[in-house]
Structure formats: C-alpha cells, structure tokens
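Notes for the one structure printed next.
The values are calculated or read from the model by the stated rules, or taken from the named source; none is laboratory data. Model, not experiment: these values are computed from the prediction. Glycine gets a Cβ as well: all are built from the backbone with ideal geometry, and neighbour counts include every protein chain shown. Each accessible area value is taken on the protein alone, full model and side chains, heavy atoms only, with ligands, DNA and RNA left out. Shrake-Rupley method; radii C 1.70, N 1.55, O 1.52, S 1.80 Å.
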Amino acid sequence: MWSFLNPLFLSALAAALIPLVLHLWQRQRIVVVPFSTLRFLKLAQKRSSNRVRLENVLLWLLRTLILILLALAFAMPIMRITSFRQLVGASNRDVAIVWDVSYSMNYVSGQKKTWEASRDTVVALIEGLRHGDRVCLFLADDDVTPMVEQPTTDLEMVLSQVRALEPGVTGSQLRPAVMAALGALKESGKREKELFIVTDGQKLPWTSFASLAGATPMADGTNSATTAAPAVTTAPAVTTAPAVTTAPTATAAPAALSNSPSTWDPKSIGNDISIFAVLLGVAAPDNAAPLDLEIQPILLMRDTPGQLLVALGHTGPEQTLTVSLTIDEQAVSQRSVTLEQDGGAPCIFALPPLTPGTHPARIETSPDGIALDNVFHFILRVHEKLPVLCVGTEPDAFFLLHALNPGASTTTVAPAATINVQRVDPEAFTGERLVDYACVFLCNALPLAGQAMVALEQYVQRGGVVVIFPGDRAAPSDYANWTCLPAMPEKANEFGADAQRRALRLVQRGDPLFQGMHLPPGTYPSVAVTRELQWAKPGADSDIVIASDNDVPFLLRRKLGKGCVLFFAVSADRRWSNLPLSPFFLPLAHQIARYSAGQEQNEPFIWAGRNLALADIMGVLTPGTELLDPAGRPVPLRPLKAGRDNSLGIEDITRPGLYMAQAAAAGQPAPAFAVNVMRSESDLRRLAAADVPILTGLTAIRMAESKDDLMQLVTELRIGRPLAEPLLWLAFLLGIAELFLANRGARKARTLTEQLKIDLTGRVKGSTAGG
C-alpha cells in the first residue's frame, strides 16, 4: 500500500509534459539549397536520421522521468508493508513483549547501563501504542514468568510494573518466554500482532532454540547444536578434579500458560505475526567471575591441611585479576591471576588451620561490569572427628566398633581416633538425625520400621552411604520392601563345619571406594565363610565391588541419588565368617568411612533455584527453627506435597549469600548453607545478529541493536518505509545520464566530406561512392 505525506506536490507531475512540448516545438527547419547533385545528401540522411530520432526519444524519456521522480520525492511517498486490511482503516494491534531479566542485563560499562536501556526500550514500545491496542509482558528468566499474561488495554498499569521492575538473579532462557508470548497472541483474531524480544545480545539465552533447531553453522564459525548447553571456560587443573556436587535445584514451572505451544516449531508461526528482536548492551563486554570451587580434601579435620581450588572464568580481552579469600569475615589470602582472552584460569588457596565447626567463607574478584557474580559464597565444615553411626546390638557391632575406634571400649572414643562412632539399638534408630553422620552401618539391624527405611533412603539420596551387614535376625523376605538395595537376597547358604575359604579380589581396578587404601605388606585378602547371602541378579544401576572365588559376589554397591548402598554377603561378627578377625577388616571399615565423608550431603554451597526440599539441604529442622536469608529476613517455608511426610520446602531461593538457622530459643543464628547464582550467565560472549534467524528458525525476524533502530523498524512496519531519498538518488543518476546523452548529441558532427571520404580530386573513395 502506498501513501503520501505531501500529496499537494503530486500536482507537479504536470511538469512531465514540458519535455514533450519542447521536443515537439523544436521541429527541424527545411532549408532549400540549390545543388547540382543530390546523391551526397541522400547518403548522409540515410546514415544519421535513425540515430537522431533515437537520441531525441531517449532524451525526452529521461527528462520526463526526472521531473516525475522529483515530483514524487517532494510528495514524500510511503510504502506500506502491513497487511491489506490497512486499506480500509487502521486496525488495533496486540503486542507481546519478551523481556530478558537475567542478571547479565545488569551489566554496566561507564555511563551505559544495559538494564536502563532495556527498560527505556520496553517503555517506548508501550507508549507507542494507540488507544485500543493491547499489550502482554513475559519475563525471560531461568524459565518464564508471565508478568501480564493476557493482552490488556490498561497500558498505564503495565507501564507502572515495567518502571518498578529490577533485574533478576537467575540465568535466562528465551524459548519458553517466546512460546508463551506466541500462545498469548493466538486469541488476537484479526488484530495486528507483534512480538518483541528485548535482550542484551548475550549468546546464552538463544541457545535454548539451538537444541531444537539442529546443528547449523553460525556466522562466527561455531555450530548451533554445540552451543545448546552454555559452557563457561574453566581452568583444566580444576575441571579435571571431581566436580562439586550440590543439592538438587528443581525448577518449578510458572503459572499455567494454556495457550502456549508445547514444542518449538518456527514453521507453525503465522505470517500475520511480526517479530522483532533488539540486542542491547555493549559490543565487547568484559566480565570475570569465580565459577566453581573444590575443597581438598572433602573432609576437613582439625589437623588435616587443606586447600581450595577455584575455577575462574572470563569474557573479554586479556587482563590481570585480583582474587581474595575471606573466612569468618577475616581476609586470609590474596592472589593475582592473569586471564587470557575469553578464557579461564585456576587459582589455589591454602586453607589455614581451622577450629572444628562451621566457617562461612567467600571468594571475591576485582569489580567489573557485573557485581553479582564477583562473590562466591561457601561454607567450610571442619570436623573434630568423622561422625559415623552404627545400628545394631552391642554383640552384633562389637568387632566393627573396635575396628572403627581401635584402642577404646564400645562406649568411649580413643584419644587419637579420627572417627567418632556412635551406636544405637535398632529399636531406637528412628529418632536419630541422620544428616549429622557421614556413614551409617547396619549390623544385623533388619528388620526395621517402615519410617526408618524411608529415612535411610532419603539419607542416601542426599549423599549418605549405608553399609549393610546381614545377620540372623532378618530373613530374605524382610528385605522385600526396601527399594534401594543393590540386589534382592534369595537365601543364606549354610556350609556348617566345612568353612569355605574365599580369596577376595577387587572387580574393577581404580575403584573410588578403595583409592588411597593400603594393606599390610604380604597381606592377601581372604576369609573363611560358614554362611553367606545368595542374591538375585544385580540391577542395572548396581555393580559388584568385591568378588570371591568363581565370581561369587562378596560386596555389592548401588548408587542412588548422590549416595550409595553397600551390601556385604557376610555378617559383621564371627558367626558367618572370620572377616572381623582378618587384617583386611580394619582398613576396609576405615576406607568406607572416609569414602562416605566424600559423599557427605552437607555441601559447601548450593545453586540458586526454586522449589527446594529443605531436607535435601540441611536435613530435618527441629520444631520452631527459623531460616533467615542474607538480609536477615525470615524465609517462608511450606510443606511439600510430594511423598515426604512432615517435610518442608523453600519455594524460591534466588538471593545469593549466607543463610542462617535460628532456633526457637532465640539463640545466636548459625550458618545453615550458602547460595550462589548459576555462573553460566557470567559468560557474556555476544551473539551476532545474523545468527538469530539461524538459531531460532525465524527467517523473517527483524533485528535491531539499539532502541532507536528498533523504533525505526516499528515505524516502517506501522507507518511505512519513506521513499523520498531513494527517489532523489534515482533522479540524480538519471540527470547524469541525460547530461551525458545531451552533450554527446550536441558535439560537433563530422563534415559531409569526412563522412563520404572524398579525396582531393573530388572522387568518392570506397563503397560509399555508390553507383
């Protein structure tokens, strides 16, 4: 559709008749000249008449077009690129805005603040709407938060919410928010439909599209499929070590978005939806942050030296970074680390001697564009002795207690012991707080109450280790209701007085369970067995750790959640074998206890998330205990609905820092856990605008890199594209062509003698002489 901003200038089109009138007015005069011979004139007329006629026509056309173009240019034509219904009048429109609210949007570079630029852009989009237009707003965080789910005409209400909004502390995924916005536009009917994506140009939010779009080469030479999972460069020295395991952070889906499509299919998006994306932020962001850390050893004891391995990530040019370690609010150490361009580096701190207890700590880096990821909070837990729980009667646990605590009685702890083992009878086991123990040994403790079995399974899921020694109290049927066993016992084989000699061997060399274990020189593990369990086939997630002759399983293991269950074929006393008297028993018991400490569920930190089970983080709280966030405000707790009786959960933990637990007796708050934001958002590598259509599959998406560019695209869509400038340039080019053609026709023509090639004698040379 075409329209004109100055239609009065169309009257100037009448000037196009001027060249025609002039060309008709300039008729050739006929001059009669007596001449004796006409053959020379006829020959000249034959050669030049066609050329003259063609030049006159071309000059007339060029001059006419120049005048038409000038008249149209001054009339300021607008080419409309909206739908045909604009011909009958302006229609109302529905606008959906997807706003990236991740913490990378809070990037500051000099006087340029990305968040303020994005908010100004959203405000400009809403203020540009007419009366009767509707708008809806979706926040792209780690999932999607519908701020205004259904299109509304109350623009002032939406503007007030936009102006009050601050950036979040999570990462961002654009695909869920875009799908929700498209679902909201489904019911717009015949209204104009527009979708706007406001983000900072970071590559990470767009990678959620790439996982569904397939592997497609991008402008920067990378592969879209490989960028689906955002990777942050870390130092090899740190990443080769075992990763720090954190509590599960299940993300809850936001409010139900009934109209949003279930899968991303760009081909299903109608042509009636105009999609825009603006990539704000600086062209070359610079940001450094601590990404992860590892405490070595995992179990910190009073007299055990330790160190802290910190992985640093960096986006931007090469720079030297200052990294500091603070423990108990006291500066401990400081390092200078050189980071390569868009690379990472390790940083190692030696931990000072610490008293037993819980010590809040943090890693800090030099200030940069994002302040939120410059601090990494964690907790150091130092043990006086390794806490271990043994469940069984005193006779059943006698040998195990002495192995774990040599040189002491069953009720006292040896002064030099590094393991603090506690024993409870099976009947009293239900009241124990399992989170306080690194390992639980069951010595002829089955059968147990159903509540105790559920508690043990949850303990294993959170990272605990349960070691089962069978006994005479339990029949194979007593294990039937326990779902976390490596294999189900079928029967107990009796050998009577003919004890079976079993040579033991490790099935898999380098098994983590036995790393660092040393047996006395010349010792070959073997036991004499009078009774042992026979199991069914182990499950897919179970394995045989120790086998005896003929590959008979002696120790089974099943990994469950973050922990594991170990199941021996013989008891912990002398009634089934001589294992408790073998030189293999004491180092084996200590090795399992130390291995269990590495699986301890009290992690140094957790990642921010939603819908967290409190039992997964810090165990079951005593009644009346209050949880406080880093600002000292109470954290709302709510009962969990999913199969955990009397278990509490936290709906939303997004504020980074140290969380405290305060008992009902109004004592001093104690450190409970530390929270950090996910560091994938700290990778600020930008996405080229040309890669957005490739990643999303939206070939018709309109890209901008500033608010002004975006509003220009919107103006061209809603009003049209002005063509005055292109028309003036075309008139200029045609004027040059007309000038060249006119000068060529006006130059001095050759004389008739030159054209006819007449020599000095008057004779015509060549074939031009005619007959």
**Study point:** Candidate residues Trp60, Trp206: accessible-area rank, largest first, probe 1.4 Å
**Key:** Trp60, Trp206
Review point. With every protein chain kept in the model, how would you rank Leu325, Leu506 by accessible area, 1.4 Å probe, largest at the top?
Key: Leu506, Leu325
Practice item. Any chance you could run the full-extension gain for Asp120 through Leu61? It's 0.36 nm times the residue separation minus the Cα-Cα distance, nm to one decimal. Key: 16.2 nm
Check your understanding: What's the center-to-center distance, using Cα atoms, between region 393-407 and region 295-349 in Å?
Key -> 42
Review point. Sorted by mean Cβ packing within 10 Å, highest first, what order do the peptides 538-545, 15-22 take?
Key: 538-545, 15-22
Check your understanding: region 674-713 to region 177-203: how many Å between their Cα centroids?
Key -> 15
Practice item. Determine ³J(HN,Hα), in whole Hz, for all residues of region 490-506 in sequence, where each value follows from phi through the Karplus function 6.51 cos²θ - 1.76 cosθ + 1.60 and θ = phi - 60°; x replaces Gly and Pro. Key: 9, 6, 10, 6, 9, 10, x, 6, 8, 5, 8, 7, 10, 8, 9, 9, 7
Point to revise | Cα-projected label distance for Asp328 with Arg473, points at 7 Å along beta-carbon direction, nm | key: 4.2
Study note, to complete from the structure: Given 289-300, 418-429, 176-187, the highest-first ranking by average Cβ count within 10 Å works out to 176-187, 289-300, 418-429
**Study point:** At R0 = 22 Å, FRET efficiency that the Cβ-Cβ distance of Gln150 and Met711 yields, to 0.05
**Key:** 0.30
Practice item. Rank by packing, highest mean first: peptides 396-404, 271-279, 123-131, with packing defined as the count of other Cβ atoms within 10 Å averaged across residues. Key: 396-404, 271-279, 123-131
Revision key, fill the gap. One finds the C-alpha centres of region 531-584 and region 98-147 to be spaced, in Å, by 59
Point to revise | Protein accessible area in region 115-213, 1.4 Å probe - carbon and sulfur % | key: 48
Check your understanding: By how many nm would the segment from Ala631 to Phe732 grow when fully extended, if each residue of separation counts as 0.36 nm and the alpha-carbon distance is taken off?
Key -> 29.6 nm
Review point. With θ set to phi - 60° and the Karplus curve 6.51 cos²θ - 1.76 cosθ + 1.60, what are the ³J(HN,Hα) couplings of region 164-175 in order, to the nearest whole Hz, using x for Gly and Pro?
Key: 8, 7, 10, x, x, 10, 10, x, 9, 10, 7, 4
